[in-house]
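Below: the structure, in structure tokens.
The values are calculated or read from the model by the stated rules, or taken from the named source; none is laboratory data. It should be emphasised that the depicted structure is a prediction, and the values quoted were computed from it without experimental measurement. Note that each Cβ is placed from the backbone with ideal geometry, even for glycine, and that neighbours are counted across all protein chains shown. Each accessible area value is taken on the protein alone, full model and side chains, heavy atoms only, with ligands, DNA and RNA left out. Shrake-Rupley method; radii C 1.70, N 1.55, O 1.52, S 1.80 Å.
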Amino acid sequence: MLLDAQTLSRLTGVKVRARAVVEGVLSGLHKSPHQGQSVEFAEHKEYAPGDELKHLDWKAYGKFDRYYIKRYEHETNLRALMVVDASGSMAYGTAGLSKLDVAKVLAATLSHLLLRQQDGAGVALIAGGQFHEIPPRASATHLQVLLDTLDAAAPLGTTDLATAADTLAEKLPRRSLVCIFSDFFDDRADALKRLLALRARKHDVAVFHLVDKAELEFPFDDPTLFLSMEDERRIEVNPREIKESYLEEFGRFLGEVKDACTAADCDYERVRTDEPLDQVLLRFLARRGGKL
Amino acid sequence: MTFANPLFLFGTLAALIPLLVHLFDRRRPRPVPFGAISFVLKSQRRTASRLRLKRLLLYLLRTLILLAVPIALARPQFASAQGPVTTRGLAATAVVIDTSLALRWKDGSSLFDAARDEAKSALRDLAPEEPATVVPCTRTPAPVAPLGFERARLFSAIDDVKPGYEVADLNRCLEVAARALDESPLPNRRLVLVSAFTQSSLRLEVSPPVSTGPKGEKLKPEVVLRDVAKGREVLPNRAVIDARAEPAPQLGARAWQFTFTVRNYSPEPQKDVELRLEVNGEVVSKGFVDLSPDGTSQKTLAHRFAQGGTVSVTGALDADSLSEDDTRTLVVTVPKELSVLLVNGAPSPQKYRDEAYFTEAALSAPGSPVRAVTRDADAAWREDFSKYDAVFLLNVEAPTDEVARALAAFVDAGGGLFIGLGDRVDPDAWNARLGAVLPRKLRVLKTAVEPNAPDAASRSARLEQVALTHPVLQPFTGTAREGLLSVRFWRYVLFESEAGGAASDVLGVLDDGAPAFIAQRKGKGRVFVFASSMDRDWCDLPIRTAFLPLVQRVAAWLTGTLDEREMVRARVGDTVTLTPEPTQSPAFARAPSGLEVPLTPTPGVATVSGGPLPEPGRYDVVDAKGQALASLAFAATLDPAASDLSRHGADALAGWFGEDVVKTAGGGGEREKTPVWTWLIAVAVVAFFFEGVLLRR
């Protein structure tokens, strides 16, 4: 089943939509890579007072008559943060779902998958210059919190990726998976660069670049008054006169974003609002070797 | 500028539509919230200046289309090219068609074809109520047909007009046409002049034509000029305007040289123009001439004829736009070889004392067509005289009766007899035996002075009068005449006064009144008598410069070839006058195209005349029996003025006719071929195309 925007738009709520996508994703994966905790034996160490008794290797005591302690790799779950751009421009969509809707579904689906494999998942919303974060947790009940948060998110204000980047850099002390869902319509030149700088802090950064079909094709003919969705800007133009120039500008912008992500060693996924979202995630997962 | 359909000009208001649309178009653009508005703004900024220019161009192109189309539909015409619009009501009209040689000028089609079209166009432009007539204009215009309304007859009259070879007299034709308009009761008169307006055909120093109105008042007729040369400033032309022929004895017997004058009537120089000499249609010689702008050059070409007779000689240039004047033909009579028997009555082993020595030398001089045979008297009397064209008796004793009769029969049959006297001549015996051939009987020998006398120079007789009108003596004018008058005569024979019978001509009279030269036609032949001797015994004529031409011309006259050398100069359009032999009765002259020009005898004179000659070239004269008279053939040439195609300017014509009455129509140059409205449509189409291109971009 293709979970395209038209189909998902008929489902109400992020929760339902995310579940549908999760099922699509899981049915598309041939083998589940999630086989319990990622705890692996590392070495033996002679017992010393203070060591936890539960790690005593009784088999070794039987053989050698000495106490050895089993040591393991760092035993923690994956922490992932879904950063969703909820600026005004994300409300745009012509295929049934807005870019923000698509971002919510994708974030919810990924969260669902992460919690299902007992990793921690959190959500950060950027809207109107505010940064609202639900920190990552691995508890199964946390999913509902995340879904509610995403469901309540409404488009507001201008895109402010730079502030989000700074905040994230402060609040993410440990290595995390950071999934960014945005259209990147931030006029500040260094906004994307600062966001991608998270990669330099050893975070795993995945960029979901959301674009609408109308933004890609500019299918307007009659004289049109274009209104900004983030501020008071407006302009009356004959779309046929500027179409060629617009497509050139927008194409250059898409290329710049992709090149910047590639240069920063970040995953880049361009997501059209009219394409099946399970296919988007399967493509994303396939590129990452089938696991998050 | 005028418009054929001025109502369409209201359509030009449509040109305001783009402006009004721009000013009052209040359509609300559809508001669309758009996420990527930053890129719209950038694109708009980037293309703003280009779009402004594009919009301006679109506005201009659309306005241009909306202006050009209604103006084109209104059919604009420039004032200078306007047709013969009758501004003063109905007018009686005469269409004068120039038939000058100039109208044979060709540039693809001839100007005369254009003239026919213009004349017909002028008739079509007339209102049905306007009476009209057609005046073909030649050098001597014929009476004009009365005014009429029957257009078919006028069109037929135009078709009948033929181009001529002369300079038409447009001034006279306009006068004739203006008089023809006097018959009309209509208050207005109109002259339509269809012409190339060459300066030779229309003189602007005389008064323009004036017509008379219904009440007898003088009217300046409206004049419509239709220029068949389509406004060309010059009609380049070159022509052979003159040709002369003369014998060239220095080049041998029957050698002639022909001098052609070539004129360049164009402002451009012409180099290495080929001039061909054609004899009876065959090219025998070529030369090249360089022609300066509007300049003249002469070229002489020579040819030696193989035999005598009447030949056509043509100087021909390569044909240009007016080919008719690129050739010029002469008809020349090349003397046949003459056979002359010299009867030497006083032969001598010493040449200068020989009676026939000087005469034989003169007749056999280079270039002379005479083949002289000298015999002493006894041998000569055994000759068959009929084998000779002429017999010269030089100081011979009176022959026997039988020989005398043979000589008389020879003269009567057309032979020429020359009689030179001397001490062997016994007047009584001569009168008795040769009285039948002598123009006058010999009387007595007279000695003016002994040749050896010390005062011989002063007492010798001299010629006092010579008949320079006679063909034999025609060349002896000026200093040549002095050469003849200076001859000294010591002895000569006196003649009896003229009795009855055929009249004789005394061509020279000595200072005592005695005839020196007597000529007479006898039967078909001729006799010429010299009263003195042909050696130096009785006179010093043989050592005078006049001797050689005199003897040669006497021989030519005796054989009848001298008359043939007189070249007839005839001009196209003129009457030709010919002098036939008494035995000839010419009936008509046949032109190169086969046209026949009747020849009628002139009362009281032995000449015939006919004309006007219709075309240039050789004319053969034919008698009533249909036999060609070769000796009377002649050539007609063109008037050099007809080859001069210099044109009057439009301003000069307007000034002469009067700015208030003159109009130009037709032939208005390129505008006539491509009317303004077609250009406007073309502009609209181009503007439409570019508008489409701009909209696509």
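Look at (1) over 13 Å from B:Leu41 (Cα atoms); (2) within 14 Å of another protein chain (Cβ to nearest Cβ); (3) assigned to a helix (DSSP H, G or I) and you find that A:Lys243 fails only one, number (1). Note on the stretch B:2-51: residues that are exposed (fewer than 12 other Cβ atoms within 10 Å of the Cβ) and either assigned to a loop (DSSP other than H, G, I, E, B) or among the polar types (S, T, N, Q) (or both) amount to 5. Within the stretch B:274-293, the set of residues being touching a strand residue (DSSP E or B) at 6+ places or on another chain (Cβ under 6 Å) and part of a loop (DSSP other than H, G, I, E, B) comprises just one member, B:Asn280.
Counting only residues that are within 26 Å of B:Ser643 (Cβ to Cβ) and in contact with a Phe, Trp or Tyr (Cβ under 9 Å, 6 or more places away or on another chain), how many does the stretch B:209-227 have? Of the residues in the stretch B:209-227, 2 are within 26 Å of B:Ser643 (Cβ to Cβ) and in contact with a Phe, Trp or Tyr (Cβ under 9 Å, 6 or more places away or on another chain).
When we screen B:Glu166, B:Glu175 for residues that are open to solvent by 10 Å² or more (accessible area, probe 1.4 Å), out of contact with any Leu (no Cβ under 8 Å at 6 or more places or on another chain) and either of a type in the set (A, V, I, L, M, F, W, C) or outside any strand (DSSP E or B) (or both), the only hit is B:Glu175. Out of the stretch A:239-292, which residues are among the β-branched types (Val, Ile, Thr) and buried (at least 18 other Cβ atoms within 10 Å of the Cβ)? Scanning the stretch A:239-292 gives A:Ile242, A:Val257, A:Val271, A:Thr273, A:Val280. What do you reckon, is A:Ala152 among the aliphatic types (A, V, I, L, M), within 30 Å of B:Pro33 (Cβ to Cβ), more than 14 Å from every other protein chain (Cβ to nearest Cβ) and open to solvent by 20 Å² or more (accessible area, probe 1.4 Å)? Here the answer is yes, as A:Ala152 does meet what is asked.
Of all residues in the stretch B:445-458, those satisfying the criterion of being open to solvent by 40 Å² or more (accessible area, probe 1.4 Å) and over 21 Å from B:Phe528 (Cβ atoms) are B:Thr447, B:Glu450, B:Pro451, B:Asn452, B:Pro454, B:Asp455, B:Ala457, B:Ser458. Filter the stretch B:277-296 down to residues that are buried (at least 18 other Cβ atoms within 10 Å of the Cβ) and in contact with a Lys or Arg (Cβ under 8 Å, 6 or more places away or on another chain), then give me how many there are. Matching residues across the stretch B:277-296 total 3. If I filter the stretch B:156-163 for residues that are under 24 Å from the mean Cα position of the chain (by Cα) and open to solvent by less than 60 Å² (accessible area, probe 1.4 Å), do I get at least one hit? Yes, there is a match, as at least one residue in the stretch B:156-163 is under 24 Å from the mean Cα position of the chain (by Cα) and open to solvent by less than 60 Å² (accessible area, probe 1.4 Å).
Determine if the stretch B:610-623 includes at least one residue that is part of a loop (DSSP other than H, G, I, E, B), more than 30 Å from B:Ile241 (Cβ to Cβ) and modelled with pLDDT under 85. Quick ask: steps written out before the conclusion?
Restricting attention to the stretch B:610-623, the residues satisfying the condition of being part of a loop (DSSP other than H, G, I, E, B) are B:611-616.
If we keep only those that are more than 30 Å from B:Ile241 (Cβ to Cβ) as well, we get none.
Checked against the condition, which is being part of a loop (DSSP other than H, G, I, E, B), more than 30 Å from B:Ile241 (Cβ to Cβ) and modelled with pLDDT under 85, the stretch B:610-623 yields no hits at all.
Starting from the stretch B:11-33, take each residue that is in contact (Cβ under 8 Å) with a residue 40 or more places away in the chain and list its partners that are of a type in the set (Ser, Thr, Tyr), counting only C-beta distances under 6 angstrom and pairs at least six apart or across chains. As it stands, the answer is B:Ala15/B:Thr63; B:Pro18/B:Tyr59; B:Pro18/B:Thr63, since those pairs meet every condition given. Of A:Asp221, A:Asp183, all but one fail to be at pLDDT below 90 and of a type in the set (D, E, K, R); the exception is A:Asp221.
The set of residues from the stretch A:78-108 being farther than 21 Å from A:Phe218 by Cα and more than 14 Å from chain B (Cβ to nearest Cβ) comprises A:Leu78, A:Arg79, A:Ala80, A:Leu81, A:Met82, A:Val83, A:Val84, A:Lys104, A:Val105, A:Leu106, A:Ala107, A:Ala108.
Taking the stretch A:214-226 as the range and being open to solvent by 20 Å² or more (accessible area, probe 1.4 Å) and either more than 28 Å from B:Leu694 (Cα to Cα) or more than 8 Å from chain B (Cβ to nearest Cβ) (or both) as the test, the residues that pass are A:Leu216, A:Glu217, A:Pro219, A:Asp221.
Taking the listed residues B:Leu507, B:Leu463, B:Leu485, the one that is touching a Pro at 6+ places or on another chain (Cβ under 9 Å) and free of Cβ contacts under 8 Å to residues at least 60 places away in the same chain is B:Leu507, with no other qualifying.
The helices (runs of 4 or more DSSP H) found entirely in the stretch B:472-585 that carry 1 or more residues being open to solvent by less than 70 Å² (accessible area, probe 1.4 Å), under 30 Å from B:Ser609 (Cα atoms) and touching a Leu at 6+ places or on another chain (Cβ under 9 Å) are B:547-558, B:561-564.
Answer yes or no: is there a residue in the stretch A:192-208 that is outside any helix (DSSP H, G or I) and within 14 Å of chain B (Cβ to nearest Cβ). Steps first, please.
Taking the stretch A:192-208 first, the residues outside any helix (DSSP H, G or I) are A:202-208.
When the remaining residues are screened for being within 14 Å of chain B (Cβ to nearest Cβ), the result is none.
The answer is no, given that none of the residues of the stretch A:192-208 is outside any helix (DSSP H, G or I) and within 14 Å of chain B (Cβ to nearest Cβ).
Residue under question is B:Thr63, and the condition is that it be surrounded by 15 or more Cβ atoms within 10 Å (Cβ to Cβ), in a helix (DSSP H, G or I) and more than 9 Å from chain A (Cβ to nearest Cβ); does it hold? If you could, list the steps in order and put the result at the bottom.
Details: surrounded by 15 or more Cβ atoms within 10 Å (Cβ to Cβ): yes; in a helix (DSSP H, G or I): yes; more than 9 Å from chain A (Cβ to nearest Cβ): yes.
The answer is yes for B:Thr63.
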